[in-house]
Every structure is written in C-alpha cells, then in structure tokens.
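The values are calculated or read from the model by the stated rules, or taken from the named source; none is laboratory data. Predicted model only: the values in this text are computed from it and were never measured. Virtual Cβ from ideal backbone geometry, glycine too; neighbours counted across all protein chains shown. To get the accessible areas, we keep the full protein, side chains included, count just its heavy atoms, and leave off ligands, DNA and RNA. Shrake-Rupley method; radii C 1.70, N 1.55, O 1.52, S 1.80 Å.
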Amino acid sequence: MGMKLNTTAIALVLLLASAAQVSEGASIDVTKQGAKADGSDISQALLAAWKEACASPTPSSVLVPAGTYGLGQISFEGPCKAPINLIVEGTLKAPVDTKNFKADAGWVSFQNIDHFTLSGKGVFDGQGPAVWGKKCARSSYCGALPINLRFNFLTNSMVRDVTTKDSKQFHVNVLGCKNLSFYHFTVSAPEESLNTDGIHVGRSSGINITNTNIKTGDDCISIGDGSQQITIDQVTCGPGHGISVGSLGKYANEAPVVGIKVTGSTLTNTQNGIRVKTWPASPAGIASNMHFEDIIMNNVGNPILIDQEYCPYNQCKQQVPSRVKISDVTFKNIRGTSTTELAVKLVCSSGVPCQNVQLTDINLKFNGGAPTSLCKNINPILGGVQQPRSCSA
C-alpha cells in the first residue's frame, strides 16, 4: 500500500519538474501574435502560437497573459517535437452561441501530445448559464452541448492551477490518456447546473487527481469503463453528486475498471458520497480493486453506495440483473454526517453478487435519528467501528 503511494508521489514530482523545465524554454506571448485582452476572439493568434511552439525542437511555452479574451472552438494538436506548456493567466470566454460548434469536439481540446503541461492561474469560462435551464432527461440536448476541456490521448502530462468555470456540459473529459495528472485544479459551477460533471475519466490509465477543488451540479468525478489505476487524493467535492464509479454496463464491450483509489478527501453538501453504479440488464463487465479510505462526509446523502439497480427515469429493464461483476472493494475510515437515514446502501446484482467487499471503521451520523444500512446480494466483511450497524446478506 505504501509503495503505491510513493510511486504516485514520485510521478507527481517528476511531472512538476518537467513542467518547470518547459517554462524555462522559449516562450511565445499571444499578444505578440496580435491577440488583444479586450474580449475579442484570439483563436487564430493562439493557434498560430501553438503551431510555432509545437514545431520547436526544444522545450517551449505559449503564454496567454492576464486579461479577458474570447476564444472559439479550438483544438491543440500534437505530436510536438519537444515538451510544451500552455500557460493561461487570463480569462478565456467561450462563445455563448453553440450553433457553429462541431459535434463531440468540445470547446477546447488537446490531442495526441506527449509531455504537455497546462498551467497558470487563468480561467476557462464556458458561459454555461446561457444554455442551462432545459431538462436533460429523455433528451439529447445536454449531451450535445460542448465540454469545456477535452484531453484525448495525452501521455506524461499535467494540468495544474487553472480553473474551469460554468461549462455548458462536462467540465473535463479524459479519454485514452496515460500518466496524466491534475494538481491544484479547480472546477466551479453552481449546484443547479445540469450535466456538468467535474472530471470524467474513460479508457485511461495512470490518472492522478490531487489537491483539487470541485463545485458543480453533477458528479464531481465520474469514472467510466476502461479506467485503470486512477488515484484521487485530497479532493474537496461539493456541491455536486459525489464521486462515482460508473454508471457501468450501459453499452456492450465495455472495458474493465480496475485499480481505483480515493483517499484523504472531503465531500460537503453532495447528493451522494462514494458511489459505484451499474445498469440492470447489462452486458458482462468487471469493476474490481477499488478502495475508498480516509474520507469525510459533511451533510452528504447516501454516503456509501453500491447500486447495481441504477435506473434513472426508469429507462431500463429493472427485473433483469446487472452482469457487471464487482469485487475487491474496501471502504475504510469513512466518517461524518448523512442527510439520509439510509447511510450505507450495498445493493448488488442477483446474477453476479459482489465479492470481497470490506467495511472498516465506518462512523456516520444521521441528524434525524439513528442511521441505517441495507444489503442485497452481498455479505460484507466487517472490521472496527460500524455506525450504522452494518447489515449482512
């Protein structure tokens, strides 16, 4: 256990050192390329600066100085010839009108880059309030809105210090990345914003999310299929829907989720706490080696939740069990207050019951009285304090 933590810490130090080296190289200021901090669109100037830096045989950086800029839909493409750093010190504002956005491309995308760093104290403002307000259920409206930041097929890279604000849809989507770290990252959106997941990870490995603050209207962090060796440490979440693995099993041929670790984090005023969710009537799948330790729940609904009957808006066959196999899960030193009487809910599949799920030192209080627990198709392994008194199958 200690060796894994040391490995993560070493990887973070190396990435920080790499970012420092990049910042010492040649720097291209977008204002020297014609960009103006008057709210006008700087897409062409920023893309020109990026192409110049990307072609450099030595480490380089692109700087967006303090100020307010407009930015259209843009994609930063690699591979680059050397490590590259995009330093954003200003505020970048997305277009309010999305009719000219290419589908599924997001607002700002980074693709096929090795040794990339996104840093600075700047803000990516998606201007989401302009499009929020419509219902997402039974509609493709929310899913068609642009994601603030997309990271596709990055390796050995880091995102640090910047803020994503008021995205129209998900704030961050990570796909096909290896060894990508988020450090001192901020997500900011109001509780009423719809479908604004903070960071969604899918089909990626070696993803570290550390010392990060997420306030949003959906999952603070959601982990999709094919995610492996995901480390979440010292994250503050709330408002939002909590930290979720899944939902899994909605589609055929989903890749296994293996090696998820959430530690040292605090959830406040969230709809859910730590959640693993799979759809009924799902294809076969795997979610294993998941560990949730040293987590504080402040006024949280459903603090500990495994839900293999996840069926929002009754859009599934609830009578058919999930075929996603959940195994080797630990909940350890989870403490705080629950807004729901049912503080621990472990509802597993009747087709493939959960195996080797351990609860150790659970101390949750319910302001309305004594908290309760529920188990279904699971026989949890118990240790230490159990408040609420844990059920068994």
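Of note:
- Candidate set from segment 80-98 (those that are in contact with a helix residue (DSSP H, G or I) (Cβ under 8 Å, 6 or more places away or on another chain) and either open to solvent by less than 10 Å² (accessible area, probe 1.4 Å) or of a type outside the set (D, E, K, R) (or both)); member that is nearest to C54 (Cα to Cα): C80
- Residue-level analysis places G369 outside the set of residues that are more than 26 Å from the chain's Cα centre (by Cα), farther than 22 Å from E293 by Cβ and either surrounded by 17 or more Cβ atoms within 10 Å (Cβ to Cβ) or at pLDDT 95 or above (or both).
- Among the strands (runs of 3 or more DSSP E) confined to segment 233-281, the ones with at least 2 residues that are surrounded by fewer than 24 Cβ atoms within 10 Å (Cβ to Cβ) and in contact with a strand residue (DSSP E or B) (Cβ under 8 Å, 6 or more places away or on another chain) are located at 257-263, 266-268.
- All positions within segment 205-219 that are of a type in the set (D, E) and open to solvent by 10 Å² or more (accessible area, probe 1.4 Å): D218
- Count of residues meeting criterion [over 13 Å from I147 (Cα atoms) and open to solvent by 40 Å² or more (accessible area, probe 1.4 Å)] in segment 59-79: 6
- Residues (part of a loop (DSSP other than H, G, I, E, B), closer than 20 Å to S27 by Cβ and not aliphatic (A, V, I, L, M)) located in segment 75-107: G78, C80, K81, P83, E89, G90
- Exactly one residue among Q315, Q358, Q308 is of a type outside the set (S, T, Y) and either in contact with a helix residue (DSSP H, G or I) (Cβ under 8 Å, 6 or more places away or on another chain) or buried (at least 24 other Cβ atoms within 10 Å of the Cβ) (or both), and that residue is Q308.
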